[in-house]
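The values are calculated or read from the model by the stated rules, or taken from the named source; none is laboratory data. Here the structure is a predicted model, which means the values were calculated and not measured. Cβ coordinates were reconstructed from backbone atoms using ideal geometry, including for glycine residues, and neighbour counts include every protein chain displayed.
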Amino acid sequence: MLKGDESIMMEHSLDVKSQFPDSYSSELREDIQSKIQACMQCGTCTGSCANSFAMDITPRQMWRLAQLGEFDKVLSIKTFYLCSACYYCTLRCPRGLPLTETINALKRLAVAEGIKDFSQSSNFYRTFMDTVRRYGRVREMEFMNRYFLSMKNPIFALGFASIGLKLIKKRKVPVEIPKLFGEGRFDRLFRKVEELEAKP
């Protein structure tokens, strides 16, 4: 991955597939299938999900597709990225399966596969973590600027202008100049950790 000022914008490209090794997706798929292998299709996850009303297919149906290895179908629906990580399905699953953890793995798979429909969510998560990485906390103004720049769509940003102005007026978001370029406070620390993790 590029380092320096250019990498800041490059990291937010919608085409992130090249950032992962070829084996990453296949390992994730195997891991997901192994975690839900014992699913007996009882539907408790669907009955427990507060967001199931907005999903294309139910969580129970999604897990069946994953069991069968139909990941192309799973990644083409919005069921997994509507998960709010409340862990209710995990707590109520009679088989004790780590369902919320597995949905997080599906989200990672969607990013690794470069799924366009998931780009808005993946850009949001990546931008959030990049901001935390730079400062050790979220700087709201910079986070929003980075996120909207990553979407490469000015009209998309304008849709949030009214709520942004309300938040600024109520002093919920501090007005500060975003530092979009240059090294962040924790960049060196994260790079050192990456170097240590890369050692055999």
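Of all the listed residues (Arg60, Arg108), the sole one being of a type in the set (Lys, Arg), under 19 Å from Glu27 (Cβ atoms) and not assigned by TED's automatic domain parsing to the domain that holds Arg146 is Arg108.
Any chance the range 35-57 includes a residue that's in the same structural domain as Thr102 (by TED's automatic domain parsing) and touching a residue at least 60 places away in the same chain (Cβ under 8 Å)? The answer is yes; a qualifying residue exists.
Taking the range 67-80 as the search range and keeping residues that are of a type outside the set (D, E, K, R) and under 19 Å from the mean Cα position of the chain (by Cα), which one is surrounded by the fewest Cβ atoms within 10 Å (Cβ to Cβ)? Within the range 67-80, the match that is surrounded by the fewest Cβ atoms within 10 Å (Cβ to Cβ) is Ser76. For the range 26-45: of the residues being part of a helix (DSSP H, G or I) and either surrounded by fewer than 18 Cβ atoms within 10 Å (Cβ to Cβ) or charged (D, E, K, R) (or both), which is farthest from the chain's Cα centre (by Cα)? Out of the qualifying residues, it is Ser34.
Scanning the range 121-135 for residues that are closer than 18 Å to Tyr81 by Cα and either in contact with a Lys or Arg (Cβ under 7 Å, 6 or more places away or on another chain) or in the same structural domain as Phe80 (by TED's automatic domain parsing) (or both) gives a single hit, Thr127. Among the residues making up the range 59-78, a single one is at pLDDT below 95 and among the polar types (S, T, N, Q): Ser76.
Note on the range 75-187: enclosed helices (runs of 4 or more DSSP H) holding 1 or more residues that are of a type in the set (Val, Ile, Thr) and over 30 Å from Thr46 (Cα atoms) are 119-135, 154-158, 161-169. The one condition from (1) under 9 Å from the mean Cα position of the chain (by Cα); (2) loosely packed, with under 15 Cβ neighbours inside 10 Å that Asp117 does not meet is (1).
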